[in-house]
1. Return the long-range amide H neighbours of ALA235 (sequence gap of 5 or more, or a different chain), with a cut-off of under 5 Å between placed amide H atoms.
2. Note the full-extension length gain between ARG183 and SER58 as 0.36 nm times their separation in residues minus their Cα-Cα distance, in nm to one decimal.
3. For segment 203-215, what does the Karplus curve 6.51 cos²θ - 1.76 cosθ + 1.60, with θ = phi - 60°, yield as ³J(HN,Hα) per residue in whole Hz, taken in order and with x for Gly and Pro?
4. Hey, can you grab everything whose amide H is under 5 Å from the amide H of ASP186? Only 5+ residues off in sequence or another chain; H modelled, so Pro and N-termini drop out.
Amino acid sequence: MVVQGQSRRARRAGLVGVLWAAAELTVTVGVVVLLLVVHQVWWTNRQAAAAAREQVRSLERDWGRPERAPGDEPLASGSSADPSVSPPAPVGGSAGPAASAAPAPRPSERAAGAAAGAYAVLRIPRLGLVVPVAQGIDKRSVLDRGYAGHYPGTAGPGERGNFALAGHRNTHGEPFRYVNRLRAGDELIVDMRGRRYTYVVGKVLGETTERDTGVIAPVPRSVVKPEYGYGEPGAYITLTTCTPEYSSKYRLVVWGTLRP
């Protein structure tokens, strides 16, 4: 009887020990996951937003501080651009003659800017957003730094064709988090050295697939929802980001046309 009782108690003690260890492991894993979430959602925002603000200041110092648009603030701190933002695959676009009286930026200028980092600044007065623009849509070197990325092969600022940009909606500075609030008539201002191009929002496509390459074509028109887009050549701007928030399932698209 004594031997059996001791054996029973030993088994219970062993079970309690296993359950305690499992509970400790669960709590530890939970804390680690929470810290990772905090890092991804909060810290990457602060880090990328601060770096992007400094990049804007650096460009403005280099240019001699162009006049700000009404309502501008240095890079709105926002919320979050999905780290998995993978905008539609780049589409070849031709950058033809300038669509306005202002001289078009020379390809050599954009190439030099790409080598140095950001080469332009996008301002959206309605959102209080000021964000640097860099060549390419690579996550590590462009999007995760809180920049708007210029799709390779698409037109440059002020040029005839489609000046197409991608940006995170959640995390990493999330510059495009609130582009869903843009409405027809809102201004999208692009500054370069000695030049300012003002586009006016015309159309918004609330949801399309990540492979809808038509949205960044020279004449932008969705191939998934052909009723959205344009039918004639012109000078366009396109903003793309992920939707819904904290997801990379679909793409949200905003289009604008260059003001003469």
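Values quoted throughout were computed directly from the atomic coordinates according to the rules given, and no laboratory measurement underlies them. Keep in mind that this is a model prediction, so the values were computed, not measured.
1. Those lying under 5 Å, H to H, from ALA235 are GLY161, LEU258.
2. Residue separation times 0.36 nm, minus the Cα-Cα distance, leaves 42.0 nm.
3. Coupling constants for segment 203-215: 9, 10, 9, x, 6, 8, 7, 5, 9, 7, 5, x, 5 Hz.
4. VAL201
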